[in-house]
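The values are calculated or read from the model by the stated rules, or taken from the named source; none is laboratory data. Since the model is a prediction, treat every value here as computed from it, not as a measurement. Counting neighbours? That spans all protein chains shown, and the Cβs are built from the backbone with ideal geometry, glycine included. Ligands, DNA and RNA are stripped out before the accessible areas are found, and what is left, the full protein with its side chains, is counted by its heavy atoms. Shrake-Rupley method; radii C 1.70, N 1.55, O 1.52, S 1.80 Å.
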Amino acid sequence: GRLLTEGLIDAFLAEAGGEPVGLVTLTEIHAIFARGAMGELCEVYVEPGWRASGLAGALIERARAHGRARGWSRLELSAPLGDAPGAERAYAFYRRLGFVSVGPRLMLPL
């Protein structure tokens, strides 16, 4: 994937034939529990025709390498809840990549 930005939001774009087919975006955040900087995967998206091709895993691996280079201790993401469409498949995918559950994520509407 090609790095699109570097700063508040980093994004890696995967292209095929000059067309975008996948994207991962991440931000750097800081937390005491993480012992400093860590990365948050904001979005992982792959066009439907490219799913199950290994592209999402490659994009996450690119994000992982980027985080290591920046000295991050971990990557975190939010996955869909158990009853959401595709939730079981998403959890299985992330677990195969080595992600572990660290608890629910909550949101406060503004």
What is the percent carbon and sulfur in the accessible area of the chain, measuring with a 1.4 Å probe over the protein chains and ignoring ligands? 57 percent
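Just flag the chymotrypsin sites (Phe, Trp or Tyr not before Pro) in segment 1-96 sitting in loop per DSSP whose Cβ has no more than 11 other Cβ atoms within 10 Å. Provide the component values of the computation, followed by the final result.
Working: sites: PHE12, PHE33, TYR45, TRP50, TRP72, TYR91, PHE93, TYR94; in loops: PHE33, TRP72.
Passing sites in segment 1-96 are PHE33.
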Quick one: what Rg and Dmax do you get for the chain from the alpha carbons, in Å? 14.3, 43
In the chain, which longest range has no trypsin sites (Lys or Arg not before Pro) that are both DSSP loop (not H, G, I, E or B) and surrounded by at most 11 other Cβ atoms within 10 Å? 36-104
Would you mind working out the accessible area per residue for the chain, using a 1.4 Å probe, and quoting it in Å²? 68 Å²
Which value, in debye to the nearest 20, gives the size of the charge dipole of the chain about its Cα centre, when Lys and Arg are +1 and Asp and Glu are -1 at the Cβ? 440 debye
